[in-house]
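Working notes, beginning with the structure itself.
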Amino acid sequence: MQLHLLKSKIHRAVVTAASLNYEGSLTIAEDLMAMVGLLPYERVLCSNLANGQRFETYVIKGEKGSAAIVLNGATAHRGKIGDRLTIMSFAAVNESEAALWQPRVIVMGEGGEVINYRGI
């Protein structure tokens, strides 16, 4: 049996920009992606702490060190600059691996800095 478990999580990520006329997706700074093991074009589930909206999209790589979290295309309707997002990806894990599974999680601070991390 395979279980779907949390793989990667960026908690309290600050939306830095929104681009309604972009093709679509969520831009995340490359270094943040690397910390939690997100890959370009990986599917993510996002929840907006400000308005309760949830949406699914895919990730594209942003400039390393920029702290970029950019809502692109239709996702720009799901939040605004300054909103806090929880960004999650999941993995199918064998039941035998599940007991030892550790997701990679970072928690972001007010200025877009990482203030806590686990599983890294």
- Integer Hz, Karplus 6.51/-1.76/1.60 couplings in order for the range 92-109, x for Gly and Pro: 8, 10, 4, 4, 5, 7, 4, 4, 9, 5, 10, x, 9, 10, 10, 10, 9, x
- Query: In the range 1-47, what GluC sites (Glu not before Pro) fall in a loop by DSSP, with at most 12 other Cβ atoms inside 10 Å?
  - Reply: GLU23
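Above 16 Å lies some portion of the pair distances; for the range 50-120, what is it as a whole percent of all C-alpha pairs?
Result: 62 percent of Cα pairs exceed 16 Å.
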- Task: Among the lysines, select those whose C-alpha is under 23 Å from the C-alpha of LYS7, and discard any that sit fewer than 8 residues away in the same chain.
- Result: LYS61, LYS64
- Task: Counting only C-alpha contacts under 8 Å and six or more residues apart, can you give the relative contact order of the chain as a whole percent?
- Result: 42 percent
- Message: Under the 0.36 nm per residue contour assumption, what length would be gained going from the current alpha-carbon distance of SER96 and LEU49 to full extension?
- Response: 13.6 nm
- Message: Could you work out the pair-distance distribution P(r) of the chain from its alpha-carbon pairs, with 10 angstrom bin width and percents rounded to whole numbers?
- Response: 15, 47, 29, 8, 0
- Message: Checking the cross-link filter: which aspartates and glutamates have an alpha carbon closer than 18 Å to that of LYS9, excluding same-chain neighbours under 8 positions apart?
- Response: GLU30, ASP31, GLU42, GLU56, ASP83, GLU110, GLU113
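Values quoted throughout were computed directly from the atomic coordinates according to the rules given, and no laboratory measurement underlies them. Since this is a predicted model, take the numbers as computed values, not measurements. As a convention, Cβ positions derive from the backbone with ideal geometry for all residues, glycine included, and neighbour counts pool all protein chains shown.
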